[in-house]
Ligand code: GLY
């Protein structure tokens, strides 16, 4: 039974029903209030559409765990050139995006143009980094090869065993927790309505069009268009037809937070990362004194347990890079779920179901892709089309390919 507070179309007569709908029914309902849902809501509300977000805890989600590296260049992977273009577009937008968000809300986002140093500890790591450097150069990206000595000159706390590294001055960082707080505030200022409850089920009306959601307390929320932006949960909303259910899976990441002393100058000046025995590890120093150490990558379904093994491996690998970290207070251990997709790239824009759009599957790049996602989704929600830069990321790329027999029939 829908509650009276949020019900948009359950009045006692057709007249009162439609009057109620006009005042309550948003143009856009965003399911999920993590960074991606929030930026979508903010940007679309700025364009004058009446917008609502449904999430029990807006500002939660994977960004509460994420380190906030804006690492388009150091996280380049073979086969991800298309994604690289979107990552770079978003990285370029970050200074203006962060300035606007700070302007609107007064929040400091911890946006720090500090650069990144990716280092190698042994001959295998060095060969791997050399390959990455070559790939970056072929892709027209800026990075500089440094000897071990040059790395230590930049970052004196690095282990003496560091054998070389890649300096990437264009890969920065932001504090994702501050970012989400600011986005909630920006949404509120832009008039976005928050429904602090779980969305249980998508409603699909006659004519096969998404019309809203039913929430966990039984409220029916109607909207002109629905955006599914539920992070790793995006593939689980009841009522979404199988053909358009996004192929998103949770990929667990355990992350630690340590406290750096303020007394003797910074422990690290920039993000330092490496692949140690095949495991990526990164250390992200914030101006606040927080040092974020991440992250494991585990395909364990919905498990978010922080394990002794996960913490041990992160500390062991981080200690090999920067031995001095063992002196620091360990202030937090936490696990989050990255929303993985089959090609590691997000799904943005209209689906095969009228009225349902996706902003999901951002995997390792949710924080980096926040500015470009907001712009692309606002464009799609107001024009029905994705902008050129986001077209390769249509969810329709995963539509089932008809079997040969069906195609020739
Ligand atoms: N982008 C960092 C991570 O996913 O761990």
Of the criteria (1) closer than 22 Å to residue 34 by Cβ; (2) crowded, with 17+ Cβ neighbours inside 10 Å, which one residue 74 fails: (1)
Long-range neighbours under 8 Å by Cβ, at least six apart or interchain, first residue within 14 Å of residue 297 (Cα to Cα) and modelled with pLDDT under 95 within region 56-69, second more than 14 Å from the ligand (Cβ to nearest atom) and assigned to a helix (DSSP H, G or I): none
Could you say whether any residue in region 352-362 is touching a strand residue (DSSP E or B) at 6+ places or on another chain (Cβ under 7 Å), without any contact (Cβ under 8 Å) to a residue 60 or more places away in the chain and over 30 Å from residue 268 (Cβ atoms)? no
For region 107-146, name all the residues that are in a strand (DSSP E or B) and free of Cβ contacts under 8 Å to residues at least 60 places away in the same chain. 144, 145, 146
Do the conditions hold for residue 185, that is, is it under 21 Å from residue 40 (Cβ atoms), surrounded by fewer than 20 Cβ atoms within 10 Å (Cβ to Cβ) and in contact with a helix residue (DSSP H, G or I) (Cβ under 8 Å, 6 or more places away or on another chain)? yes
Report yes if residue 336 is surrounded by 15 or more Cβ atoms within 10 Å (Cβ to Cβ) and within 12 Å of the ligand (Cβ to nearest atom), otherwise no. yes
Select, from 39, 104, the only residue that is surrounded by 19 or more Cβ atoms within 10 Å (Cβ to Cβ) and either at negative phi or touching a strand residue (DSSP E or B) at 6+ places or on another chain (Cβ under 9 Å) (or both). 39
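This table checks each residue for (1) modelled with pLDDT under 95; (2) more than 30 Å from residue 151 (Cα to Cα).
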residue	(1), (2)
202	no, yes
221	no, yes
282	no, no
287	yes, no
Sole miss for residue 270 among (1) within 15 Å of the ligand (Cβ to nearest atom); (2) under 23 Å from the mean Cα position of the chain (by Cα) is condition (1)
When every residue in region 45-82 that is assigned to a helix (DSSP H, G or I) and within 13 Å of residue 177 (Cα to Cα) is compared, the one farthest from the ligand (Cβ to nearest atom) is 64
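The values are calculated or read from the model by the stated rules, or taken from the named source; none is laboratory data. The structure presented is a predicted model; accordingly, all values stated were derived computationally and were not measured. Neighbour counts run over all protein chains shown; Cβ positions are idealised from the backbone, glycine included.
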